[in-house]
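Please read the structure below before turning to the comments.
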Amino acid sequence: MARSSLVVAIALLAVTAGCAGFGGQSTTTTDAPETTAEPTRQTTAEPTQTQPVIAAPGFNSGTLVDPLALADAHAGWLSGKSFAREDNQTTRTAGNTSWIATTIRVENASRWETRQAFSATHSYTDSGGEIHQYANATYVYSRAESGDGNVSYNVQPNGWADASSPNSHELLEERHARGYVYDVFTTASWTTIVDQTSGDGQTVYRVLGNASGDAQFRGDTVSKFTVEASVTGDGFVQRMDVSYEEDGTEVTRTVAFSEVGETTVERPEWFDTAVNRTDAD
């Protein structure tokens with residue numbers, strides 16, 4: 001595994017001194033006296049100094065030392081940009097596997113959509129299903145379909161449309177996953193850069209972390225906690241793969257961002273039905 005390092009080399013400038021004489025013109029010439037060459041001065045190079053690597057906010061010498069700085073940099077980099085986020089979690093026990101898959105697309109503070117599908121054993125319903133939400137500057141429209149085919153619609157005012165409101169700020173912070181980034185890297189007792197790739201003028205660092213023994217993660221006691229992440233030099237956490245065990249249950253979760261600055265949101269095909277079913281304008 002390669003670790004990035006930033007080495008500051010101190011160059012040694014060797015100066016060779018020479019003597020030259022200048023005088024008036026003379027018609028008399030004399031032989032130059034014999035001279036004895038001065039001994040060459042021995043010079044000793046100063047030792048090379050290695051400076052800490054600041055690969056991304058919160059990192060020092062390739063090791064994460066400030067999870068809050070990383071979380072803030074991640075959310076700050078996404079702030080004001082459109083983006084898409086995939087968030088998938090699977091839970092496995094000895095005799096059962098359940099999952100929930102979420103897609104979030106944000107064009108701006110007032111225009112966004114979420115799609116969430118879940119297995120039959122998820123807490124939303126006993127038969128699985130899917131929930132789709134679409135928001136414009138006025139309303140949030142919802143369509144819910146359970147695994148048995150039952151479909152319902154709902155419309156409510158968009159209380160998050162004002163980007164300056166606390167509600168909007170809280171929602172975007174949640175969708176930026178700022179809190180999740182902080183919780184993940186706070187739980188990991190050791191997080192370090194193990195590799196890096198460069199392209200399109202950007203360096204992406206591969207980061208590994210884990211927690212020794214039992215650890216506290218989001219209020220619960222977990223074990224075998226690991227995280228693998230892709231982090232840019234700006235602190236943008238492009239992807240996180242987290243796994244751990246809790247009370248005999250194995251949990252894996254992947255959060256990944258894409259289409260940053262390029263995401264658009266369109267009305268869903270069921271939009272008119274939702275308006276008519278709920279008498280919303």
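Stretch residue 256-residue 241 to full length: gain in nm at 0.36 nm per residue minus the Cα-Cα span?
4.5 nm
Between residue 266 and residue 249, what length comes free when the chain is fully extended (0.36 nm per residue of separation minus the Cα-Cα distance, one decimal in nm)? If you can, show how the numbers build up before the last one.
Values: separation 17, 0.36 × 17 = 6.12 nm, distance 3.83 nm.
Gain on stretching residue 266 to residue 249: 2.3 nm.
With charges set only on the Cβ (+1 for Lys and Arg, -1 for Asp and Glu), what does the dipole of segment 59-278 come to about its Cα centre, in debye to the nearest 20?
Numbers: 16 positive and 31 negative charges, 44 e Å.
For this selection, approximately 200 debye.
Full extension from residue 224 to residue 190: what is 0.36 nm times the residue separation minus their Cα-Cα distance, to one decimal in nm?
Values: separation 34, 0.36 × 34 = 12.24 nm, distance 1.28 nm.
Answer, rounded to one decimal: 11.0 nm.
Once you have the Kirkwood Rh of segment 59-278 from its Cα pairs, apply Stokes-Einstein at 25 °C and 0.890 mPa s and quote D in µm²/s.
For these conditions, the coefficient is 130 µm²/s.
Each value in this text was obtained by applying a stated rule to the coordinates, not by laboratory testing. Keep in mind the model is a prediction, meaning the values are calculated, not measured. Cβ sites come from the backbone with ideal geometry, for glycine too, and all protein chains shown count toward neighbours.
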